[in-house]
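Enquirer: One structure, as structure tokens, below. Some questions next.
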Number of protein chains: 2
Amino acid sequence: VGAPVVLLSHRGPVSFERADGQRRAVRGTGGLVTALTGIAQNLGDAVWICGVSTEEDAAVAAEHQPEGVRVSLTAEPRLLAGGEADRPALTVRFVAVDPERHRQFYTEIANPLLWFVQHGLYPLASAPVITPQTWSAFEDGYVAVNERFAAVVADAVAGRDDPLVMLHDYHFYLVPELVRRRAPGATISHFVHIPWPEPDGWRVLPPGMRDRLLAGLLGADVVAFHTDRFARNFLYCAEDVLDAPVDWARRRLSWQGRQVAARAYPISVDAVGLTAAADAPAVHEHRAAIRAAHLGDGRQLIVRVDRTDPSKNVVRGFLAFGELLEEHPELQGRVTFLASLMPSRQDVAEYADYLAEIGAAATAVNARYSRRGWQPVDLRLQEDRSFALAAYAEADVLVVNAVNDGMNLVAKEAVLLSERDVVLLLSENAGAHEELAEPALTVHPYDVVQQAAAMYAALRMPAAERRRRRTAAAEIVRGGDVSRWLQRQLDDLAGLR
Amino acid sequence: VGAPVVLLSHRGPVSFERADGQRRAVRGTGGLVTALTGIAQNLGDAVWICGVSTEEDAAVAAEHQPEGVRVSLTAEPRLLAGGEADRPALTVRFVAVDPERHRQFYTEIANPLLWFVQHGLYPLASAPVITPQTWSAFEDGYVAVNERFAAVVADAVAGRDDPLVMLHDYHFYLVPELVRRRAPGATISHFVHIPWPEPDGWRVLPPGMRDRLLAGLLGADVVAFHTDRFARNFLYCAEDVLDAPVDWARRRLSWQGRQVAARAYPISVDAVGLTAAADAPAVHEHRAAIRAAHLGDGRQLIVRVDRTDPSKNVVRGFLAFGELLEEHPELQGRVTFLASLMPSRQDVAEYADYLAEIGAAATAVNARYSRRGWQPVDLRLQEDRSFALAAYAEADVLVVNAVNDGMNLVAKEAVLLSERDVVLLLSENAGAHEELAEPALTVHPYDVVQQAAAMYAALRMPAAERRRRRTAAAEIVRGGDVSRWLQRQLDDLAGLR
């Protein structure tokens, strides 16, 4: 790399727990953490700033103020003793913020407001309603928390030559400008991992939010996304909302005498690590159980793995499956829809309601089509990584029909791990569609007739075509391996300096 | 004009009723009909093709097949006897379609599907769901009805030299291409009176609808909108969805060897006719009643006049008013919100639900703030044009906070008829905002805090500033008088020939 790197994300690469009086380090989860952890060895003397997520994180942070803790990421993460040199290692700085401010920041503004606006999920006739409480949450929560994290970033940057600052996601849109003010010489990138909407979508936020959030992001040198479409939408928003002049050919704009580029770096998966994980005994046990329950004798399996987020479009997936069984009764008893779903954000009313709708939709299909020895939908509410990897291996069809999705790594993982030449049904609104449209069958998120037709086409597809498509998809995923994802960004940032 | 003109709209300029054995002609309502009727005298030997809306229309149509009926529009519309020469007159051709096809066309596709998509009203996590029934309604209803009307238009065009075909609105997106095929030499414009969304909004429709509807429209020479933003969005959609090359400087695109322009012609009102209508005795009676109930002694009046369409954002208007009374208790008893609302499309579930929410929101404000002799919200569910004109005259503040609106003529009518220098609160998402942003106070449709602050600013605004803004707004409206609206289009179309 050459340059010192300071990273910021809301969830960190490691978190601490205490059990039986012992402190234990746990590797962080989520696509970003997985991606960055996988290539930590390339990052040199990096500092990773993140929020406290457990009480034990807070304790660790308090014991290591202000320098942060050094963490080894080789196998299982662990704290390093003073002076211990185990590479690759990172310095992690946990930032603790007042719980009420954090609640406002996280559960009122970042989720659901920004999440819903950027995924286009609001029923605009009735929501959002921006109230005095929303404005308090924005000012006292989102803005204050961003200022706090920006101060820590600026502190970590101070005294370093030509630092490279890599900021992440919708929690921290105000940080780039705040860091820029205190460290004008820093090279700053900000990666947005969720969809960026078109101007009318962004304008669902009132001017006092949308203008400030955009201007905050324009403190960066590069604003990065998983797709070219999102990068384009971002430039379009800056042009529309802030009147920033855009150079469309170079995908950049002028802002306060600087150039800000919008770039696409589609994230991928750690193919080697993933393949190794899929060989664990627990995965093989799950595979055997799935085969015993649902496969053999020419039966086929449709799979989805998702959080129960309204953006994932689980209900319409079940409606489409019902449509498939109605249109093709010969498939009754011959194909099962296995859905492994992780309940998500159940403290948010929309999420609790959506989980209920998922249950109702699955039950309706089962009530209508079940017969002795066969239930059409096998709905598992669980967070079980081994089960997910097993389901990828055994799936004939994988359904990703998201309403909107920043990338969707399920699609990429599944085509890598498939052992039955899975056919990928991929929403045109998933970020992954920009790379995988050709080998996948494109589905329209709102058209359950078309989704059912795509399921049928996938189930009936000749083996040779399944293999060709699956191999092509896996090639694309391997070619975008996550270490290249970071390297491309680092190369581009080096070019800017 | 010079050229023979053929008009098409779903609602016609006249409709017939039968009462006590007598046939009676009734002038059509709605912004388009008002606008076109007002300038019928400029249209020469025009033929206006429209749908049958009453049984008597069907009877009239059957008696005058296929040539249509000649209708005088001078004062009250009436049928002309054979050979009677009363100018201005129009030939009206009513088109009757099979009721079931019309139901599919109108109440499944045009409303709510296209209306909701173009106003951005769908809660995308759950609706729309494109089912087999939707596809039937599209093919057997919308497509079939468009083919039927296109055949009548082509028939009316046949044998005329250089005909000018002016098609209207979201009911007939497939007609331009169908007419083009049968009359390649015709000059065709299609006016879209509702918002045109950005590509991600349009892509809520599945490819088999969105591509065909766009391609249908591209049979026109000019696709016209009320705002430049909608025209721009349309070009952007054609580029994104159909890969049509766009010449952005000239606001046009290439399609099948032809040029298709996207233009903005903001519709306005018939200032002379409106002023005359506002002087009717019924209006003066309503004004006296409104003053007696709500004004005098320094009291002030906030007014809105709308259909109870979810796009109009009535509920958030009441929430904002409640916020105003909470923040400024000194206004309690001093200001009333008079809402004259016309129940709309109550056969559509979303509309029935929305009316209930309106009632609930108004009642909540009244329950909280009412005191002896004063109720904060005066909610009238009525269709009463005289009352609306009276309310415009007496309003201190007029609220137009629409979620999305193609134009909104209420805003334009009110600033013309105001006798108390009304302050216009105008949503940034109403088409009228493109013309009236300067004299109005812009409101954000989702931010009830900001709407309440705008209400307060309007109520407290010095008289001189109210006058200046109201006068400026009225000037803009008069300058865009509806006869110029048509003339600009005719001039531009002449330039194309």
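Enquirer: Quick one: putting +1 on the C-beta of Lys and Arg, -1 on the C-beta of Asp and Glu, what dipole do you get for the protein assembly as shown around its Cα centre, in Debye to the nearest 20?
Expert: Roughly 600 debye, rounded to the nearest 20.
Enquirer: May I ask you to list the aspartates and glutamates whose Cα is less than 12 Å away from that of A:Lys412, ignoring any residue fewer than eight positions away on the same chain?
Expert: Straight-distance partners of A:Lys412: A:Asp270, A:Glu435, A:Glu475, A:Asp481.
Enquirer: Over segment B:231-270, one equal point on each Cα, no solvent: what is log10 I(q)/I(0) by the Debye formula at q = 0.17, 0.18, 0.22, 0.30 Å⁻¹?
Expert: -0.44, -0.48, -0.64, -1.02
Enquirer: Roughly what angle does helix B:448-460 make with the longest principal axis of chain B, taking Cα atoms, 0 to 90 degrees, to the nearest 10?
Expert: 70 degrees
Enquirer: Please list, in order, the residues from segment A:162-206 whose amide nitrogen is less than 12 Å from a point placed 7 Å along the Cα→Cβ vector of A:Glu434.
Expert: Of the residues in segment A:162-206, A:192-197 have backbone N under 12 Å from the label point off A:Glu434.
Enquirer: Can I ask one more? How large is the dipole of chain B about the Cα centre if only Lys and Arg carry +1 and Asp and Glu carry -1, each at its Cβ, rounded to the nearest 20 debye?
Expert: Once rounded to the nearest 20, the dipole reads 720 debye.
Enquirer: Please report the antiparallel percentage of DSSP beta bridges with both residues in segment A:304-398, rounded to the nearest 5.
Expert: That works out to approximately 10 percent antiparallel.
Enquirer: Further, regarding this structure: Hey, any idea what the orientation-averaged projected area of the convex hull of segment B:138-291's Cα atoms comes to, in nm²?
Expert: 13.1 nm²
Enquirer: In chain B, what percentage of the DSSP-assigned beta bridges are antiparallel, given to the nearest 5?
Expert: Roughly 30 percent of the DSSP beta bridges within chain B come out antiparallel.
Enquirer: Could you tell me how far the Cα centroid of segment A:102-116 sits from the Cα centroid of segment B:338-411, in Å?
Expert: Using only Cα atoms to place each centre, the spacing works out to 32 Å.
Enquirer: Hey, got the dipole for segment A:266-338? About the Cα centre, +1 on K and R Cβ, -1 on D and E Cβ, debye to the nearest 20?
Expert: Dipole about the Cα centre, nearest 20: 100 debye.
Enquirer: If you plug each phi of segment A:335-344 into the Karplus form 6.51 cos²θ - 1.76 cosθ + 1.60 with θ = phi - 60°, what whole-Hz ³J(HN,Hα) values come out, in order, with x for Gly and Pro?
Expert: With the stated coefficients, segment A:335-344 comes to 9, 10, 9, 9, 10, 9, 10, 9, x, 9 Hz.
Enquirer: Indicate the gyration tensor shape class of segment B:126-215 (rounded, prolate or oblate), computed on the Cα atoms with a ≥ b ≥ c the square roots of the eigenvalues: a/c under 1.5 is rounded; otherwise a/b larger than b/c is prolate and the rest oblate.
Expert: In terms of gyration-tensor shape, prolate.
Enquirer: Ok, one more. How tilted is helix A:207-217 with respect to the longest principal axis of chain A? Cα atoms for both, answer in degrees (0 to 90, nearest 10).
Expert: Approximately 80 degrees, to the nearest 10.
Enquirer: For segment A:256-339, count the residues as N, evaluate 2.2 N^0.38 Å, and divide the Cα radius of gyration by that value, please.
Expert: 1.67
Enquirer: Give me the net charge for the shell around B:His64: Cβ to Cβ below 13 angstrom, other residues only, Lys and Arg +1, Asp and Glu -1.
Expert: That works out to -1.
Enquirer: From the Cα gyration tensor of segment A:445-496, with a ≥ b ≥ c the square roots of its eigenvalues, which class applies: rounded if a/c is under 1.5, or else prolate if a/b is larger than b/c, or else oblate?
Expert: Since a/c reaches 1.5 but b/c is at least a/b, the shape of segment A:445-496 is classed as oblate.
Enquirer: For a Förster distance of 30 Å, can you work out the FRET efficiency between the beta-carbons of A:Arg380 and A:Ser483, rounded to the nearest 0.05?
Expert: Approximately 0.40, to the nearest 0.05.
Enquirer: Got a sec to turn the phi values of segment B:376-389 into Karplus ³J(HN,Hα) couplings, 6.51 cos²θ - 1.76 cosθ + 1.60 with θ = phi - 60°, whole Hz, x for Gly and Pro?
Expert: Result, ordered by residue: x, 10, 10, 9, 10, 8, 6, 10, 9, 4, 4, 5, 4, 5 Hz.
Enquirer: Quick one: compute a quarter of the convex hull surface over the Cα atoms of segment A:82-161 and quote it in nm².
Expert: Value for segment A:82-161: 8.4 nm².
Enquirer: Now for a different question. Taking each label point as 7 Å beyond Cα in the direction of the beta carbon, state the distances from A:Asp297 to the same residue in the other copies, shortest first, in nm.
Expert: Once sorted, the set of distances for A:Asp297 reads 8.4 nm.
Enquirer: From other protein chains only, count the Cβ atoms within 10 Å of every residue's Cβ in B:132-142, then give the mean.
Expert: 1
Enquirer: In whole Hz, what ³J(HN,Hα) sequence does segment B:354-364 give by Karplus (6.51, -1.76, 1.60; θ = phi - 60°), x for Gly and Pro?
Expert: Karplus-based 3J(HN,Hα) across segment B:354-364 equals 5, 4, 4, 5, 4, x, 5, 5, 5, 5, 4 Hz.
Enquirer: A further question on this structure: What number, rounded to the nearest 500 deg cm²/dmol, is the helix-based mean residue ellipticity at 222 nm of chain B, given -39500 (n - 2.57) per DSSP H run of at least four residues and division by all its residues?
Expert: Rounded to the nearest 500, it is -12500 deg cm²/dmol.
Enquirer: If the viscosity is 1.002 mPa s and the temperature 20 °C, what Stokes-Einstein diffusion coefficient in µm²/s follows for segment B:222-294 when Rh is the Kirkwood radius over Cα pairs?
Expert: 138 µm²/s
Enquirer: Taking the axis that carries chain A onto chain B, what is the nearest Cβ in chain A, and at how many Å, to the whole number?
Expert: For chain A, the closest residue to the axis carrying it onto B is A:Pro123, 2.
Enquirer: Once you average over the residues of B:192-203, how many Cβ atoms of partner chains fall within 10 Å of each Cβ?
Expert: The per-residue average across the peptide is 3.
Enquirer: If we count every other residue with Cβ under 9 angstrom of A:Arg101's Cβ, Lys/Arg +1 and Asp/Glu -1, where does the sum land?
Expert: Charge balance near A:Arg101 sits at -1.
Enquirer: Turning to a different aspect of this structure: Mind giving me the nanometre distance, one decimal, between the label points for B:Arg182 and B:Ala360, set 7 Å out from Cα along Cα→Cβ?
Expert: 4.9 nm
Enquirer: Given an 8 Å cut-off on Cα distances and at least 6 residues of separation, report the relative contact order of segment B:394-440 as a percent.
Expert: 46 percent
Enquirer: OK, next. Along the Cα→Cβ direction, 7 angstrom out, place labels at B:Ala127 and B:Glu330. What is the inter-label distance in nm?
Expert: Each label point is offset 7 Å from its Cα along the Cβ direction, giving 4.4 nm.
Enquirer: What total accessible area, in Å², is buried where chains A and B meet, using a 1.4 Å probe and rounding to the nearest 100?
Expert: Buried: approximately 3400 Å² between B and A.
Enquirer: Same structure, new question: Work out the FRET efficiency for A:Arg251 and B:Asp211 from their Cβ-Cβ distance, taking R0 = 25 Å, and round it to the nearest 0.05.
Expert: 0.40
Enquirer: Please list, in chain and number order, the residues 5+ apart from B:Val335 or on another chain whose amide H is under 5 Å from its amide H, with Hs placed from the backbone.
Expert: Excluding prolines and chain starts, which carry no amide H, the hits are B:Gln300.
Enquirer: Let me ask something additional. Write down Rg/Rh for chain A, rounded to two decimals, with Rg from the C-alpha atoms and Rh from the Kirkwood relation over Cα pairs.
Expert: My calculation of the ratio gives 0.97.
Enquirer: Okay, next question. Name the residue from B:Leu301, A:Leu167, B:Gly120 whose Cα lies farthest towards the positive end of the charge dipole of the protein assembly as shown, charges +1 on Cβ of Lys and Arg and -1 on Cβ of Asp and Glu.
Expert: Toward the positive end, the furthest listed residue is A:Leu167.
Enquirer: Shifting gears a bit: Please work out the FRET efficiency for the pair B:Arg372 and B:Arg468, using the Cβ-Cβ distance as r and a Förster radius of 25 Å; give the result to the nearest 0.05.
Expert: 0.10
Enquirer: Simple spin-label model, 7 Å along Cα-to-Cβ: B:Ala277 to B:Asp162 in nm?
Expert: 3.5 nm
Enquirer: What is segment A:407-497's relative contact order, in percent, from Cα pairs under 8 angstrom and six or more apart in sequence?
Expert: Computed value for segment A:407-497: 29 percent relative contact order.
Enquirer: Also: Which shape class applies to segment A:386-497: rounded if a/c is under 1.5, otherwise prolate when a/b exceeds b/c and oblate if not, where a ≥ b ≥ c are the square roots of the Cα gyration tensor eigenvalues?
Expert: Prolate, since a/c reaches 1.5 and a/b exceeds b/c.
Enquirer: When you look at the Cβ of every residue in B:440-451, what mean number of other chain Cβ atoms sits within 10 Å?
Expert: For this peptide, the per-residue mean of nearby foreign Cβ atoms is 5.
Enquirer: Moving to a separate point now. Beyond 15 Å, what share of the Cα-Cα pairs of segment B:178-268 is found? Please give it as a whole percent.
Expert: 56 percent
Enquirer: Now, a different point. Rounded to the nearest 5, what % of the DSSP beta bridges within the protein assembly as shown are antiparallel ones?
Expert: 30 percent
Enquirer: Taking amide H positions as placed in the peptide plane 1.01 Å from N, state which residues far from A:Asp447 in sequence (5 or more) or on other chains have amide H under 5 Å from it.
Expert: Long-range HN contacts for A:Asp447: B:Ile130.
Enquirer: Let me ask something else. So, how do all the Cα-to-Cα distances of the protein assembly as shown break down into 10 Å bins, in percent, from 0 on up?
Expert: For the protein assembly as shown, the pair-distance distribution reads 2, 10, 18, 21, 20, 15, 9, 4, 1, 0, 0.
Enquirer: Restrict the search to segment A:326-418; then list the trypsin sites (Lys or Arg not before Pro) that DSSP places in a loop and that have at most 16 other Cβ atoms within 10 Å of their Cβ.
Expert: A:Arg334, A:Arg372
Enquirer: Under a 5 Å amide H to amide H cut-off, with H placed in plane at 1.01 Å, what residues pair with B:Ser126 once short-range neighbours are removed?
Expert: none
Enquirer: Let me ask something additional. Can you tell me the relative contact order of chain A? Whole percent, Cα pairs under 8 Å, sequence separation 6 or more.
Expert: Relative contact order comes out at 12 percent.
Enquirer: If you count, for each residue, the other Cβ atoms within 10 Å and average over each peptide, how do B:240-246, B:396-402, B:285-291 line up from highest to lowest?
Expert: Packing order, densest peptide first, comes out as B:396-402, B:285-291, B:240-246.
The values are calculated or read from the model by the stated rules, or taken from the named source; none is laboratory data. Given the structure is predicted, the values throughout are model-derived calculations rather than measurements. Don't worry about glycine lacking a Cβ; one is built from the backbone with ideal geometry, like all the others, and counts go over all protein chains shown. Side chains included, ligands, DNA and RNA excluded: accessible areas come from the protein's heavy atoms. Shrake-Rupley method; radii C 1.70, N 1.55, O 1.52, S 1.80 Å.
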